[in-house]
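Below is one structure, written out as structure tokens; comments come after it.
The values are calculated or read from the model by the stated rules, or taken from the named source; none is laboratory data. Note that the structure is a prediction, hence the values are computed from the model and not measured. Backbone-built Cβ (ideal geometry, glycine too); neighbour counts: all protein chains shown.
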Amino acid sequence: MGLLDKEFSDGNIVIAPVEDLFNWARLSSIWQLGFGLACCAIEMMATSMSHYDFDRFGVIPRNTPRQADAIIISGTVTLKMATRIKRLYEQMPAPKYIISMGSCANCGGPYWEHGYHVLKGIDRVIPVDVYVPGCPPRPEALLEGLLKLQDKIRNESLRKKSA
Amino acid sequence: MSLKTETMVLNMGPQHPSTHGVLRLELKIDGELVLDVKPHLGYLHRCFEKHAEAMQYNQVVPYTDRLDYLAAMGNNWGYALAVEKLMGIQVPERVEYIRVIVAELQRIASHQVALGSNAADIGAFTPFLYLFRDREHILSIFEDTCGARMLYNYIWVGGLSHDIHPDFVKKVKEFVSYYKATIIELDNLLSYNKIFIERTANIGVLPLDTAINFGASGPALRGSGIPFDLRRDDPYSIYDRFDFEIPVGKGLQGQVGDCWDRYYVRVREMEQSLRIIEQAIDHIPEGDVQSAIPKRIKPPKGTVYTRIENPRGELGYFIISDGNTNPFRVKVRAPSFVNLEVLGELCKGHLVADVIAILGSIDIVLGEVDR
């Protein structure tokens, strides 16, 4: 709000649609569950480190699902892990978003054909908002995925859905 | 009046910020004291052996990348060496030099993540940022060379996938001179930091005989004071031409073989890697980067075992060939898997918070543990 500081003599009122306000708040502080699965997790770490700096989009890793808004599925999901991810997802408070990062999480990736212990896409277990392709995706690709998620949140409606 | 207490079982992971991936530790604790640690594996089992059976020899290379994803070059190299030995291929001199340089750069990049996450786990977050800043330099060199930042598929059987970028030598030299000066930053920031020493010195002491009995290798073994390094003791490729030292744990801050020693061995190893790169970078001969081998690799019947010194220790590939275009079996001797077994011994009698420091100092990669 630095732009508006000391511009007005009195206190002021901002009039905005409730949806815009809520969506703006939600998309500007997507706290993600700090949770790495496989190779993509290293790229996710690189994205939040010095060069790419996830923080500037308001993405801060949280260590518990209770405080998280989004979860980045970063890597190969095995059958043994899938049940745990489902539980983590269910522990998150709504509204919750999912970014599927990398080919493995999207569809099984290189383990699609012979991976007897690999889940062929995380969307078979939990609903995905944004798919980021790549093996592993570059940090720029993950940032693009995040921007797409922000776009999605920006257009969300709070209205009750009519039957 | 006597107070009745009982031991408690605590599950750490598979989703835990400090378990370096999807590892689950079953801790048996008495208050804060750890009585026993049992690692549970299999959360990242990606069926490597099954894939190796179903693929042709060259097609296995990308899957080796994904074993130890922090040191993909080393994994490629170990596999390529094994198949080359099976077929009796001699690779060109130029290939050997490039392989050594990329593998040593990879060792530095891998140790940077290892040290950074070890520090971040026990509360020092700033070095993590510094180390990732420097790691980006190496990744950018690799990206020029083979187009990928992390999983390279670069070292192929009989050679390399691409020749090096025209700027490769210049950029590597720039990096070496830059990082030689910058590595002191790490010492100032972390190695001799009082708090860091308090958290790591005399914690998780690994006696030499235990390390040998468990088959530990890499910095986990050298931290206990024995200078065993396959690059010198069982030289492969052209490592016998280079002059380098093997850092060992000396117990400078506490007992020999504690977490600080294992940490410090890695820091000094990065310096030695820079030394090897310096010696190699000026002598890359001209020539081809692929030796003349048929496109379809068909080694003769037989078995082969080769081992190389990966950043985490002795990486071995055991290949059985039945004379077909697919390997009959590829077994990986993963250093992280063997080093992880020592964890139970190290954690006994320490506090729960120290388990994190010990696990970080062993430095495991789950892709390699579970395969």
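A count restricted to the range A:48-60 and to residues that are at the interface with another protein chain (Cβ under 10 Å from one of its Cβ atoms), within 11 Å of A:L143 (Cα to Cα) and either touching a residue at least 40 places away in the same chain (Cβ under 8 Å) or of a type in the set (K, R) (or both) stands at 1. Taking the range B:260-371 as the region of interest, the strands (runs of 3 or more DSSP E) fully inside it that hold 2 or more residues being more than 27 Å from A:K80 (Cβ to Cβ) and touching a helix residue (DSSP H, G or I) at 6+ places or on another chain (Cβ under 6 Å) are B:302-310, B:313-321. Within the range B:119-135, being out of contact with any Phe, Trp or Tyr (no Cβ under 8 Å at 6 or more places or on another chain) and either more than 8 Å from chain A (Cβ to nearest Cβ) or surrounded by fewer than 17 Cβ atoms within 10 Å (Cβ to Cβ) (or both) holds for B:D121, B:G123, B:F125, B:T126, B:P127, B:L129, B:L131, B:R133. With respect to B:I98, is the statement that it is in contact with a strand residue (DSSP E or B) (Cβ under 7 Å, 6 or more places away or on another chain), more than 25 Å from B:N326 (Cα to Cα) and not aromatic (F, W, Y) true? Judged against the criteria, B:I98 is a match. For the residues A:D123, A:D151, the requirement of being surrounded by fewer than 21 Cβ atoms within 10 Å (Cβ to Cβ) and over 18 Å from A:A38 (Cα atoms) singles out A:D151.
Just one residue in the set A:Y131, A:Y97, A:Y116 is within 13 Å of chain B (Cβ to nearest Cβ) and of a type in the set (S, T, Y); that residue is A:Y116.
Are any of the residues in the range B:84-98 within 14 Å of chain A (Cβ to nearest Cβ), in a helix (DSSP H, G or I), at pLDDT 90 or above and under 22 Å from the mean Cα position of the chain (by Cα)? No, every residue in the range B:84-98 fails to be within 14 Å of chain A (Cβ to nearest Cβ), in a helix (DSSP H, G or I), at pLDDT 90 or above and under 22 Å from the mean Cα position of the chain (by Cα). Residues in the range A:68-117 that are more than 22 Å from B:H40 (Cα to Cα), under 12 Å from the mean Cα position of the chain (by Cα) and either surrounded by fewer than 19 Cβ atoms within 10 Å (Cβ to Cβ) or hydrophobic (A, V, I, L, M, F, W, C) (or both): A:A68, A:A70, A:I71, A:I72, A:P95, A:K96, A:I98, A:I99, A:M101.
Identify, please: which residue in the range B:16-50 is without any contact (Cβ under 8 Å) to a residue 60 or more places away in the chain and in a strand (DSSP E or B) and is, among those, surrounded by the most Cβ atoms within 10 Å (Cβ to Cβ)? Residue satisfying both the conditions and the ranking: B:R24.
Scanning the range A:66-94 for residues that are more than 7 Å from chain B (Cβ to nearest Cβ), within 20 Å of A:R124 (Cα to Cα) and part of a helix (DSSP H, G or I) yields a total of 9. What about B:G116, is it free of Cβ contacts under 8 Å to residues at least 24 places away in the same chain and crowded, with 24+ Cβ neighbours inside 10 Å? Against the criterion (free of Cβ contacts under 8 Å to residues at least 24 places away in the same chain and crowded, with 24+ Cβ neighbours inside 10 Å), B:G116 qualifies. Among the residues making up the range A:117-132, those that are touching a strand residue (DSSP E or B) at 6+ places or on another chain (Cβ under 9 Å) and part of a loop (DSSP other than H, G, I, E, B) are A:H117, A:L119, A:G121, A:I126, A:P127, A:V128, A:D129.
The numbered conditions (1) touching a Lys or Arg at 6+ places or on another chain (Cβ under 7 Å); (2) not in a helix (DSSP H, G or I) are all true for A:V59 except (1). Scanning the range A:2-56 for residues that are part of a loop (DSSP other than H, G, I, E, B) and crowded, with 18+ Cβ neighbours inside 10 Å turns up A:I30, A:G34, A:F35, A:G36, A:L37, A:A38, A:M49, A:Y52. Taking the condition on the phi > 0 side of the Ramachandran plot and within 7 Å of chain A (Cβ to nearest Cβ), does B:G31 pass? So B:G31 does not fit the description; no. The residues in the range B:241-274 that are of a type in the set (D, E, K, R) and touching a residue at least 40 places away in the same chain (Cβ under 8 Å) can be counted, and the count is 5.
Of all residue pairs spaced 6 or more apart or on separate chains, none has beta-carbon atoms under 8 Å together with a first member in the range B:61-83 that is on the phi > 0 side of the Ramachandran plot and a second member that is among the small types (G, A, S). Taking the criterion of being within 16 Å of B:G313 (Cα to Cα) and not in a loop (DSSP other than H, G, I, E, B), the only residue of the range B:179-209 that qualifies is B:L208.
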